[in-house]
Amino acid sequence: MPLWASVTPIAAAVLLIAALVLPGSLALAVICVAALLGAVIAAVHHAEVIAHRLGEPFGALVLAVSVTTIEVALIVTMMLTGGADHATLPRDTIFSAIMIIFNGVIGLCMLIGALRHQEQAFRVVGNNAALATLIALTTLSLVLPSFTTSSPGATYTSAQLAFAALASLVLWATFVFVQTVRHRDYFLPLEDPANEQLHAALPSVALTWGSFGLLLVALTAVVGLAKLLSPSIETAVAAAGAPKGTISIAIALLVLLPETTAALRAARANRLQTSLNLALGSALASIGLTIPAVAFTSMLIGVPLVLGLDAKDLVLLLLTFLVTSITFVSGRGHVMMGAVHLVIFGAFVFLALVP
C-alpha cells in the first residue's frame, strides 16, 4: 500500500478532530479544504483496491453504502440538534444528490469517456432495473407528499411515512440482492482486452481489509470536513445573495466527491458500466437508506418532515428521468447524451441560484 494512501485518511481524521476543538480561522478552513481533497483521493484509491479484490459490482456497492451510511448519520444528527428548522433537509439533500448524480456525474462520465474512446458500451438490463427502482423510490418519497390530502402541505402522516420508509427498504434490499446474487451478470463491466487493470494481480486479503478500514476513515473525514465547512459555505452564499437552497447543493457536491472521482476514473479507463454502477448505486442508497432513517427520527422526536418537491423541482425531476430512460435504451454512451445531461445539470444549478 502506498504510504500516502495510509497517512492521508488518518491525517484528515486528526485534522477534523482538531478543527472541532480549535476555534475557526481562515487558515484552518484552507487546511480543511486541502485535507478534504486528500481524503477524497485516498478514498477512491482504497475503493478501487476493494473493487479489484471483490470484483464488480461489489466494489461500487461498498463505496456507495459507506458514503451514504455516514451521510445519513450526519443528516440524522442535524435533525436531532436542529429540530423543525431542518424539516426540509432530507428532501433537499436527496433531491440535490439525484440531480448531481444523474446529470452531473453520468453526464461527465459519458462526455469524458466519449472524448477519449468515442463510444462506450454498457449493459441495458441492469441499468434499467436500477432506473425503475429509483423512479419508484423517488416518486414515493419526494413526489406523492405534495399530492396527499391527509396532512397539510408537502408532508406525510405517520402511517404514510412508515409505509414510504418500509417500501424504500424493501426496494433497496431487493435491488442489492438482484445486483449481487440473482442477476450479478447484469451489472458486470463489458471487458476490454486492452485494459491492464482487469488482468492485474489481486490484492491480498490483509491489504483489502486494511483498505476497507482506511476507506471508512477517509469517508468519515470527507463527510465531517464537508459539514465543518458548511458554515463557511453558508456565509459565502449569504454574501453572494444566493438562495439558501444552494447550500444543500454545495454540501452534496462535497459529500459525493469520492464517488464522482471514482466514476470519472472508471470512464476514462473505458469502464463506463463501473461508472454507472457507482452513480446508480449511490442514488439508490441515498434514498433507500436515508428515508427510513429520517422517518424513524421524525417520528421519534415529533418533528414533521417536508418531503414533497415544489413544481419547479418536479419538472426537473421528470425531465431527468425521461432523458435518462432514453440514454439507457441504446446501451451506448456518446458525446451527445453526455452534453444533454450536463445541460440539465446546468439548468438545475442556475435555477437554484435564480429561482
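Helix hunt in the chain: which complete DSSP H runs extend at least 20 Å axially by C-alpha with mean Kyte-Doolittle at least 0.5? Mind showing how you got there, number by number?
Details: long enough: 3-21 (27 Å, 2.29); 26-54 (42 Å, 1.87); 58-82 (35 Å, 1.97); 124-138 (21 Å, 1.51); 158-177 (28 Å, 1.81); 205-240 (50 Å, 1.60); 272-301 (43 Å, 1.44); 311-330 (30 Å, 1.81); 335-353 (27 Å, 2.44).
Span-like helices here: 3-21, 26-54, 58-82, 124-138, 158-177, 205-240, 272-301, 311-330, 335-353.
With a 10 Å Cβ neighbour count serving as the proxy for reagent exposure, in which order, fewest first, do Y156, Y186 appear?
Working: Y156 25, Y186 18.
Placing the least packed residue first, the sequence is Y186, Y156.
Name the residue, out of P189, P304, P203, whose mean-square fluctuation peaks in a Gaussian network model built on the chain with Cα pairs under 10 Å.
Sorting by GNM fluctuation, first place goes to P203.
Highest GNM mean-square fluctuation, the chain, Cα pairs closer than 10 Å: which of L276, L115, L140?
L115
Using the reciprocal of the averaged 1/r over all distinct C-alpha pairs, how large is the Kirkwood radius of the chain in Å?
Numbers: mean 1/r = 0.0482 Å⁻¹.
One over the average 1/r among Cα pairs gives 20.7 Å for the chain.
In nanometres, what is the gap between the two model label sites at L3 and T157, each 7 Å from Cα along Cα-to-Cβ?
6.4 nm
What does the charge add up to near L309, with Lys and Arg as +1, Asp and Glu as -1, over the other residues with Cβ less than 13 Å from its Cβ? Write out the running numbers ahead of the final one.
Working: positive: R91, K312; negative: D92, D310, D313.
Within the 13 Å Cβ shell, the charges total -1.
Per the helix-only calculation at 222 nm, which mean residue ellipticity applies to the chain, given -39500 (n - 2.57) for every DSSP H run of n ≥ 4 and division by its residues, nearest 500 deg cm²/dmol? Working shown, then result.
Numbers: 13 runs with 259 residues, N = 355.
It comes out at -25000 deg cm²/dmol, rounded to the nearest 500.
Laboratory data are not the source of any read-out in this text; all were calculated from the coordinates shown. Keep in mind it's a predicted model, so treat the numbers as computed, not measured. Please note: Cβ atoms are built from the backbone with ideal geometry, for glycine as well, and neighbour counts cover all protein chains shown.
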